[in-house]
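The values are calculated or read from the model by the stated rules, or taken from the named source; none is laboratory data. Predicted model only: the values in this text are computed from it and were never measured. So basically every Cβ, Gly included, is an ideal-geometry build from the backbone, and we count neighbours across all protein chains shown.
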Amino acid sequence: MRSFHHRGYFFHPCRMCGAAANLTRNTPAADGYEHRTYECRRCGHVDLFGVGPDDSRPWKVIGSADAQPM
């Protein structure tokens with residue numbers, strides 16, 4: 001797994017607009033996996049990634065949502 005000190009852990013590029021998305025939730029999942037939720041600071045888009053114990057494998061998008069209108 002990536003270290004908590006690694007910048008890529010707390011920030012991830014937004015898949016909609018490319019801006020920095022913040023890590024808002026990190027939840028343990030089965031078999032050593034994690035579910036990481038990132039919310040974009042610019043457009044509000046939310047992505048949920050499944051991250052495996054082997055950091056060399058790409059992250060898998062397992063959920064996504066656009067910002068809710070106010």
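Here are a few things to note about the model shown:
- Among residues of segment 40-54 that are under 10 Å from Ala21 (Cβ atoms) and without any contact (Cβ under 8 Å) to a residue 60 or more places away in the chain, those with a beta-carbon under 9 Å from a residue that is acidic (Asp, Glu) and surrounded by fewer than 16 Cβ atoms within 10 Å (Cβ to Cβ) at least six positions away or on a different chain give the pairs Cys43/Asp66; Gly44/Asp66; His45/Asp66; Val46/Asp66.
- Residues of segment 21-70 that are exposed (fewer than 15 other Cβ atoms within 10 Å of the Cβ), among the charged types (D, E, K, R), at pLDDT below 90 and not in a loop (DSSP other than H, G, I, E, B): Asp31, Lys60.
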